[in-house]
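Computed from the coordinates by the stated procedures, all read-outs in this text should not be read as laboratory data. Fair warning: this is a prediction, and the values are worked out from it, not measured in the lab. Neighbour counts are summed over all protein chains in view; Cβ atoms, including those assigned to glycine, are modelled from backbone coordinates with ideal geometry.
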Amino acid sequence: MNYDDVYKLHLQLLSIYEKNERYSRNHQIQIDYYKRQLIMFTEDNVQRIFVLNQLLKIHEKTREDLVNRCANHYFSKDVNADSSI
């Protein structure tokens, strides 16, 4: 796999994340910052891949927070159901 393939793969993953998610203001500011970096300052695919990695980390962090909240909610319901028996 060469840098061009990696770059295209990152773009595909990023487009999927962006289609399916809305972000808090803080995350959106970070996303906008890196998108500007991607458009204005990257000169080759290695730099683009680095910036795309930063964007993907933001999306994955948001997703990780969502998974943790869902798990905590699920297990707190489970504990409450067990204590009522």
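Residue check: is I29 part of a helix (DSSP H, G or I) and loosely packed, with under 15 Cβ neighbours inside 10 Å?
Here the answer is yes, as I29 does meet what is asked.
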- Are any of the residues in region 58-70 part of a helix (DSSP H, G or I), without any contact (Cβ under 8 Å) to a residue 24 or more places away in the chain and either touching a Cys at 6+ places or on another chain (Cβ under 8 Å) or of a type in the set (A, V, I, L, M) (or both)? yes
